[in-house]
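**Q** Take this structure first; my questions come after.
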Amino acid sequence: MKIKKILIANRGEIAVRVIKSARAMGIKSVALYADDDAKLPHVWMADEAHGLGSGTLKETYLNQEKILGIAKSSGADAIHPGYGFLSENSGFCKMVEAAGIIFIGPTPEAIVLMGDKIGSKIAVEKYNVPMIPGYHGSNQDAAFLSAEAKRIGFPVLIKASAGGGGKGMRIVHQASEFDEALKGAKSEALKAFSNDAVLLEKYVTEPRHIEVQVMSDTHGQHFHLFERECSIQRRYQKVIEESPAPRFSKETQKAITQTAVDIAKGINYRGAGTVEFIMGADEKFYFLEMNTRLQVEHPITEMVTGLDLVGLQIKVAAGEKLDLKQSDIRQNGHAIECRICAEDPDNGFLPTIGTIHKIGSPTLKDVRLDCGFVDGSVLGVNYDSMLAKLITWAPTREEAITKMLYALDDVVFAGIKSNRDYLRRLLSHKDFKAGKTHTHFIPDHKEELLPTKAESVEFAPHIAAYLLSGVKRVSKGEGTVASTPWMTLNGLRN
Amino acid sequence: MKRSLLINNSSVNFEVSTLDSSIVEFEWGGKKMRFEVVERSNDMLVLRDQNMQQYRMNLTSLPGQTLFVSGSGHDAELTEASSMTKKKSGAMGGLTAPMPGKVFKVLAKAGEVVTKGQTLLILEAMKMEHAIKADKDGKVKKILFKEGDLVQGGMALAELE
């Protein structure tokens, strides 16, 4: 069936991303927006846009009935959920399909199966997938779990089975700490997911987060698009991602990508998915979970393979047989993504808000900026703090890093404190440059990632710019913004 | 002329010897700094130092007489050191934004006589409301923002006298 019109049940950069692929395929797009997003580019870039009103997320971007109603009335024949929001909501997926509309994503069964951390592990075990030693059963008795932790051997990780984002998670280094950690994890899990079931796992030291992109069509073809390393994380949130993974043997790459394909094949997966693994320093890897959606960091895979992942998703959803051969999918060069966020690393990573006065554009070749804002966009506190994703590609990792440092300088977010300088410090760190990446990189190098002191000569140009702008002469308004700094400088000239 | 600025809330002191529309010279930390203006547009400024190194700086005026300068690998908020003393006293009096948010309601106006504990304005942040209360009896000198304004954490919101 041909898809002619796609409703995008999302906002910001990912909505823009889907619109672009749809447009390239001659497909019309329908955007949605909550009142406070009415001026964002995903709204005016689409062929059609509908308001969701105001209120909580439940009333807007998570309002399944309202969204489905708009899809029907606008005549959309497919819905793309983006990531987050309703992307892994099997109930929504079922509802959409029951209404005769295509859900651009996996089957509701695959979402349910992979959404359950215990169930997914049991399900993939039969495909010879390496599992981390642990307990994933339903017995939640404290004494039993404590005995299991001893069997696995410390350090042990307690995780909420319905969880994500680090909630309901504890690392236990010795048996005496176990009971209290279990209590804490359970109460956190109950609050966050209304489910206090936990699982236990062997804790891997210096672990790396390696994930494999898979793409399956409905004609029995299951492909992998190589791996991504997303080890640079802060509080379980990815900060920098790259493909290929550094310090990674060809044998490991072959084994890990084959494992991902085996899982996709085994569960008869449909569309784009990501199989996440944890890997130790010995390059032994274990299955973590499978994300049944497009990932935030999918652009780096697009940069190294030259494929359009959203385009492929749409083709699969339309029932097409993908015109691909595994041996033709190549991993060329190296791509890095930085997540630019509206948070102040020098002030406890608190979210920042305000008007984005100007967004700089990349000037170098093979640099991609995925951004859902434009000059003048107002940043509130109601949504995720991600401002943009900046992606660089180069023949080698070293060149991709160098290019990223320049690109970060180009892509100014004037007026908004962001983590740009922090990203620069991460990329410039000798251990990052050497590819010594692991998920404790940020806490382990905390001291070396501190900001440049204000007394540093590096701020001399800033002082000069301040003096030249004559900002002191800006009249004391009631918190209003002087139109440009040069209004006052012109005064100086006269 | 001796000057004192705050860069990202840390104070720096230096002495300016030349300042016109094309050249600025100042002594800072025992070093002589000299920058000449190479190019400027609406919000962009290119500077050249005495070693012919060039710096592309992006400038944005923010509320509270703050200049946001981005370039040369660093984002920085610059403001007069004197305005920080104001900020600080505000912070002690609790008349500053505890975190970034939106001014939800303004309940007092300039000139109004208020009593200690009276709510002057309400800030909406992280989906919660925070009452900004008078820290002493007195008269409202100024309410620095209006309803709907976005404010950064630590910004002074009102002044009492």
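**Q** Among the residues of segment A:222-230, is any in contact with a His (Cβ under 8 Å, 6 or more places away or on another chain), among the hydrophobic types (A, V, I, L, M, F, W, C) and surrounded by fewer than 22 Cβ atoms within 10 Å (Cβ to Cβ)?
**A** Scanning segment A:222-230 turns up no residue that is in contact with a His (Cβ under 8 Å, 6 or more places away or on another chain), among the hydrophobic types (A, V, I, L, M, F, W, C) and surrounded by fewer than 22 Cβ atoms within 10 Å (Cβ to Cβ).
**Q** Consider A:L86 carefully, then state whether it is of a type outside the set (D, E, K, R), at pLDDT below 95 and closer than 27 Å to A:G380 by Cβ.
**A** Values: of a type outside the set (D, E, K, R): yes; at pLDDT below 95: no; closer than 27 Å to A:G380 by Cβ: yes.
Judged against the criteria, A:L86 is not a match.
One line per residue, one yes/no per condition, for (1) over 30 Å from A:S418 (Cα atoms); (2) over 18 Å from the mean Cα position of the chain (by Cα):
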position: A:P246; (1), (2): no, yes
position: A:T257; (1), (2): yes, yes
position: A:V261; (1), (2): yes, yes
position: A:G266; (1), (2): yes, yes
position: A:M279; (1), (2): yes, yes
position: A:F287; (1), (2): yes, yes
position: A:H298; (1), (2): no, no
position: A:V316; (1), (2): yes, yes
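**Q** Here is a follow-up. Look through segment A:452-462, keep the residues that are surrounded by 16 or more Cβ atoms within 10 Å (Cβ to Cβ) and at pLDDT below 90, and return whichever of them is nearest to A:R425 (Cα to Cα).
**A** Only one residue tops the list, namely A:T452.
**Q** Considering only segment A:237-276, how many residues are touching a residue at least 40 places away in the same chain (Cβ under 8 Å), out of contact with any His (no Cβ under 8 Å at 6 or more places or on another chain) and in a helix (DSSP H, G or I)?
**A** Total satisfying the criteria: 5.
**Q** Give segment B:39-77 a look and list any residue that's at the interface with chain A (Cβ under 8 Å from one of its Cβ atoms), aliphatic (A, V, I, L, M) and under 20 Å from A:I356 (Cβ atoms), or say none.
**A** Scanning segment B:39-77 gives B:L45, B:M57, B:L59, B:L62, B:L67, B:V69, B:A76.
**Q** Going by the conditions given, is A:A407 more than 8 Å from chain B (Cβ to nearest Cβ), in contact (Cβ under 8 Å) with a residue 24 or more places away in the chain and not acidic (D, E)?
**A** So A:A407 passes the test.
**Q** Filtering segment A:463-494 down to residues that are more than 7 Å from chain B (Cβ to nearest Cβ) and touching a Gly at 6+ places or on another chain (Cβ under 7 Å), which residue is modelled with the highest pLDDT?
**A** That would be A:G470.
Let's see how each residue does on (1) closer than 19 Å to A:I3 by Cα; (2) among the aliphatic types (A, V, I, L, M); (3) not assigned by TED's automatic domain parsing to the domain that holds A:L32:
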position	(1), (2), (3)
A:S74	yes, no, no
A:A78	yes, yes, no
A:G84	no, no, no
A:G91	no, no, no
A:V96	yes, yes, no
A:I111	no, yes, yes
A:G115	no, no, yes
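**Q** Give me the residue from segment A:85-120 that is among the β-branched types (V, I, T) and not in a helix (DSSP H, G or I) and, out of that set, surrounded by the fewest Cβ atoms within 10 Å (Cβ to Cβ). Lay out the reasoning, then the answer.
**A** Filtering segment A:85-120 for residues among the β-branched types (V, I, T) gives A:96, A:101-102, A:104, A:107, A:111-112, A:118.
Filter again for not in a helix (DSSP H, G or I), leaving A:101-102, A:104, A:107.
On the way: A:I101: 17, A:I102: 19, A:I104: 29, A:T107: 20.
Only one residue tops the list, namely A:I101.
**Q** From the list A:T252, A:T292, which one is surrounded by fewer than 21 Cβ atoms within 10 Å (Cβ to Cβ) and in contact with an Asp or Glu (Cβ under 6 Å, 6 or more places away or on another chain)?
**A** Matching residue, one of A:T252, A:T292: A:T252.
**Q** Another question, if that's okay. Select, from A:T439, A:T452, the only residue that is more than 14 Å from every other protein chain (Cβ to nearest Cβ) and of a type in the set (V, I, T).
**A** A:T439
**Q** How many residues does segment B:116-158 hold that are more than 12 Å from chain A (Cβ to nearest Cβ), more than 16 Å from B:G64 (Cβ to Cβ) and of a type in the set (A, V, I, L, M)?
**A** Total meeting the criteria: 5.
**Q** Here's something else I'd like to know. Is it true that some residue in segment A:187-199 is more than 24 Å from A:A264 (Cα to Cα) and assigned to a strand (DSSP E or B)?
**A** Yes: one or more hits.
**Q** Check A:A49, A:A38, A:A24, A:A31 and return the single one that is surrounded by 24 or more Cβ atoms within 10 Å (Cβ to Cβ) and not assigned by TED's automatic domain parsing to the domain that holds A:A388.
**A** Numbers: A:A49 fails: surrounded by 24 or more Cβ atoms within 10 Å (Cβ to Cβ); A:A38 fails: surrounded by 24 or more Cβ atoms within 10 Å (Cβ to Cβ); A:A24 fails: surrounded by 24 or more Cβ atoms within 10 Å (Cβ to Cβ).
The match here is A:A31.
**Q** Take segment B:1-30 and flag every residue that is over 13 Å from A:L467 (Cβ atoms) and facing another protein chain (nearest Cβ under 7 Å).
**A** Within segment B:1-30, B:N8, B:S10, B:G29 qualify.
**Q** Testing A:S29 on (1) in a helix (DSSP H, G or I); (2) without any contact (Cβ under 8 Å) to a residue 40 or more places away in the chain, one condition comes back false. Which one is that?
**A** (1)
**Q** So, one more: Given the options A:E343, A:E297, name the one that is under 21 Å from A:T439 (Cβ atoms), touching a Ser or Thr at 6+ places or on another chain (Cβ under 6 Å) and either crowded, with 17+ Cβ neighbours inside 10 Å or not polar (S, T, N, Q) (or both).
**A** A:E343
**Q** For the list (1) touching a Leu at 6+ places or on another chain (Cβ under 6 Å); (2) at pLDDT below 95, I need the number of the one condition that A:P155 fails.
**A** (1)
**Q** Taking A:Q233 as meeting all but one of (1) of a type outside the set (K, R); (2) over 30 Å from A:I314 (Cα atoms); (3) not in a strand (DSSP E or B), write down the number of the exception.
**A** Of everything listed in (1) of a type outside the set (K, R); (2) over 30 Å from A:I314 (Cα atoms); (3) not in a strand (DSSP E or B), A:Q233 misses just condition (3).
The values are calculated or read from the model by the stated rules, or taken from the named source; none is laboratory data. Here the structure is a predicted model, which is why all the values come from computation and not from measurement. When we count neighbours, we look across all protein chains shown, and the Cβ atoms used for this are built from the backbone with ideal geometry, even at glycine.
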